[in-house]
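Presented below is the structure to which this report refers.
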Amino acid sequence: MVSINDILERKAKIAVIGLGYVGLPLAAAFGHKADIIGFDIDERKMAQLRDGFDATGELSSEQLEATTIDYTTDPARLKEAQFHIVTVPTPIDGNNKPDLRPIESASKMIGANLAKGSIVVYESTVYPGVTEEIAVPILEEVSGLKCGIDFKVGYSPERINPGDKVHTVDKIIKVVSGQDAETLETVAQVYEMVVTVGVHRAASIKVAEAAKVIENTQRDLNIALMNELALIFGKMNIPTRDVLAAARTKWNFLPFTPGLVGGHCIGVDPYYLTHKAEQIGYHPQVILAGRRINDGMGKHVAEQTVKKLIMQDKPVKGSRVLVLGLTFKENCPDVRNTKVVDIVLELKEYGVEVLVHDPMADAEVTKHEYGLDLVDLEGLAAVDGVVWAVAHSAFDDITPKRLKDLCGNAHGSGVVMDVKGVLTRDAVEAVGLGYWSL
């Protein structure tokens, strides 16, 4: 099998399959230490990377220039590599069921170009068993090779936090696993090349798969609790964030806040775990309850917006509402599985004209994914309300006075729906606008 010395001495290459939020930073880190083949099927993305531009915003042009990645969209180039790292997305379908097609497609592609003695490591978030029960049979069938004899597999869950410039790939402890002790050690040594804080050797591939999927499930449930508290306190007319500020004075109170839960991790991963649980005959209750609460928050915000418009003497049908932010989280251009869209669609059901502004989002991607056109704030005609959905740093200079100007002097005072709690009620009401927050 390929060894760490083969890689360090550049006798063997590493191939990273999928150059998105996870794969690109990893490939760039390895590019300082080894020969790297960076593969992706997106021709537009690869052209941008060759020109030194990362659309995800994870790496600067200087960081791309400082590393060495051999970019390719040709699957045949994978024949040159002996250590494959799979970082393709693992989304859910319209029924909240795991969509393993990217994993299956990548496995077929690698299998068709798999050399004897190779190691294939999966990083994509999956439920326990996917690597050995789904990916390995595909690799064997397509390659004609035998796992455990001709090639080995491992699993090392990604832990990239999009938009986070502090917890970068080298500063996050990496969980690694392998199908046997020898593979585990090689996989660990390879990642130790770039992860300066070290690695954790998991007891098995299934343990590593399970560890990843529960990380985000735990966060999902904690946020769901905050969202349910917000629903309760909202009916009691008690400011949720004031309650949380008081509760946080206790040393062991967890600092979670209510909000929209989207993206390709927290809003998706729990469904992978619940899918597997149902396959083995167990119906999850707590996890799915949390998912139902979080999946319903976009609709809740829209309904509260409509109520607030009515309270401010605004006619709902035909009203204009500006949504600030579309991406699934702040300071990140990723619009995948964003729950802001749920607000937009629900408002449109009420006959509201919805305008979306987001300087971080890609206009072309937004149009393709959701059929939405992004608007500029400059020259924008007066709106009846503003839904502040994402707390981008680019919005830091938007003051209550600026919001008042955006709302103009139309009939009835405008409303501000502060989903992220970036403003205070007193400051907004002081300029004559109605205020609501989770």
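Just a few scattered comments:
- For region 406-438, residues that are more than 27 Å from VAL261 (Cβ to Cβ), surrounded by 14 or more Cβ atoms within 10 Å (Cβ to Cβ) and free of Cβ contacts under 8 Å to residues at least 24 places away in the same chain total 1.
- Any chance TYR271 is among the aromatic types (Phe, Trp, Tyr), within 26 Å of the chain's Cα centre (by Cα) and more than 14 Å from LEU225 (Cβ to Cβ): yes
- Test: residue in region 72-80 that is surrounded by fewer than 19 Cβ atoms within 10 Å (Cβ to Cβ), of a type in the set (Lys, Arg) and at pLDDT below 95: no
- Scanning region 85-123 for residues that are among the polar types (S, T, N, Q) and in contact (Cβ under 8 Å) with a residue 40 or more places away in the chain, we see that the one that is surrounded by the fewest Cβ atoms within 10 Å (Cβ to Cβ) is ASN96.
- Out of SER204, SER143, one residue alone is more than 29 Å from ALA28 (Cβ to Cβ) and of a type in the set (S, T, N, Q). It is SER204.
- Breaking point among (1) modelled with pLDDT under 95; (2) over 18 Å from THR90 (Cα atoms); (3) out of contact with any His (no Cβ under 9 Å at 6 or more places or on another chain), for ASP313: (3)
- Filter result for the condition that a residue is at negative phi and in contact with a Ser or Thr (Cβ under 6 Å, 6 or more places away or on another chain), over VAL335, VAL321: VAL335
- Test: residue in region 275-286 that is under 28 Å from MET360 (Cα atoms) and either assigned to a helix (DSSP H, G or I) or at pLDDT below 95 (or both): no
- When the criteria are applied in full, GLY267 meets the requirement of being in contact with a helix residue (DSSP H, G or I) (Cβ under 8 Å, 6 or more places away or on another chain) and either at pLDDT 95 or above or of a type outside the set (A, V, I, L, M, F, W, C) (or both).
- Flag for ALA27 being assigned to a helix (DSSP H, G or I) and within 20 Å of MET193 (Cα to Cα): yes
- Index of the failed condition, VAL306 passing every other in (1) assigned to a helix (DSSP H, G or I); (2) under 29 Å from ASP269 (Cβ atoms); (3) hydrophobic (A, V, I, L, M, F, W, C); (4) assigned by TED's automatic domain parsing to the domain that holds ALA381: (2)
- Verdict on GLY298 being in a helix (DSSP H, G or I), touching a Lys or Arg at 6+ places or on another chain (Cβ under 8 Å) and surrounded by 22 or more Cβ atoms within 10 Å (Cβ to Cβ): yes
- GLU369 in contact (Cβ under 8 Å) with a residue 24 or more places away in the chain, acidic (Asp, Glu), under 15 Å from GLN304 (Cβ atoms) and out of contact with any strand residue (DSSP E or B) (no Cβ under 6 Å at 6 or more places or on another chain): no
- Screening VAL344, VAL390, VAL386, VAL356 for residues that are surrounded by 20 or more Cβ atoms within 10 Å (Cβ to Cβ), modelled with pLDDT of 95 or more, under 17 Å from ILE310 (Cβ atoms) and outside the structural domain of GLY234 (by TED's automatic domain parsing) leaves exactly one candidate, VAL386.
- Checked against (1) surrounded by fewer than 20 Cβ atoms within 10 Å (Cβ to Cβ); (2) of a type outside the set (D, E, K, R); (3) under 20 Å from ILE160 (Cα atoms); (4) in contact (Cβ under 8 Å) with a residue 24 or more places away in the chain, LEU59 passes all but condition (1).
The values are calculated or read from the model by the stated rules, or taken from the named source; none is laboratory data. Note that the structure is predicted; figures quoted are calculated from it, not measured. As a convention, Cβ positions derive from the backbone with ideal geometry for all residues, glycine included, and neighbour counts pool all protein chains shown.
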